[in-house]
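One structure is given here, and the rest of the page talks about it.
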Amino acid sequence: MKNILIFIGLSCLVLMSQAQAVYQLNGVRISPENQALFEKIEVDYVSKVAQDAVNKGQLVNWALIKLDETIGEANTGYNYIFVNGFASIDAMNESTDWWSNTKAIIGVDPDILYRDLREASGIYYYQRQMEIAPTEAFEYIIMNFGHANDLEGYLKGEKAWMTYHKKNMSKTGLKAWGVGAKFLPVNANQTTNVMTWNAFQSKAEAMKVLANDVKGTSAWPETNLDEIMPDGWETIVLGQVLSATGPVQ
């Protein structure tokens with residue numbers, strides 16, 4: 001696949017630098033027999049509607065990520081993730097129907113374009129906390145999800161990791177990185193409240209970082225994240241960016 005240069009300054013997925021930037025992660029489950037049709041609809045058509053929404057300022061970015069079904073639970077849980085980025089919570093609430101302008105953009109009514117192909121779906125809301133914005137092409141994303149018992153302390157620890165990542169990007173192959181804090185939903189079934197995203201040009205680079213098989217990097221920063229996140233990352237997924245919006249056109 002052609003590398004995708006994603007200026008979603010998120011992530012994953014990387015938002016613009018507004019202090020209150022927010023994003024939705026919409027996980028969906030698509031059965032194998034419907035995946036080709038689903039991808040064609042989203043990549044060939046919905047991406048154009050999303051780009052129109054970016055051009056109008058309704059969205060900051062949109063992306064579709066396909067999770068690697070040979071890893072972990074992608075063969076039973078969500079196997080795609082949509083990323084919808086907004087400049088603020090206000091902007092998000094004012095743009096709930098950005099996806100409905102299909103007739104004007106691509107000549108197809110919404111009720112025809114959006115077919116009910118989803119076996120399962122869930123939407124999770126995050127606020128961007130910090131990032132290393134992308135400056136080079138990338139195609140693969142690692143998303144780490146965990147629970148921090150002290151958000152302020154967690155962010156302090158991640159700032160140390162941001163310094164490490166910036167210093168070692170040429171060795172790890174990292175193209176973008178960021179941190180988000182989840183603010184919805186909040187209930188007993190939602191055990192994670194923070195996430196990071198790490199972007200790479202190739203799947204091999206991403207997997208080497210996960211395996212800690214990278215030579216010549218500096219020492220890991222000293223933090224107390226093991227106390228703040230005693231269970232570590234509860235879920236780690238690797239995905240391929242199938243489609244994404246670009247800058248305002």
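Every number in this text was worked out from the coordinates using simple rules, so none of it is lab data. Everything numeric here is computed off the predicted structure, so don't read it as measured data.
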Restricting the calculation to Cα positions, tell me the Rg (one decimal) and the Dmax (whole number) of the range 57-190 in Å. 17.6, 50
So between residue 211 and residue 31, what do we pick up on full extension, going 0.36 nm a residue minus the alpha carbon distance? 61.8 nm
The range 157-201 and the range 53-100: distance between their alpha carbon centers, rounded to Å: 17
Using the Cα atoms of the range 119-163, I'd like the radius of gyration and the largest Cα-Cα distance, Dmax, both in angstrom. 13.8, 41
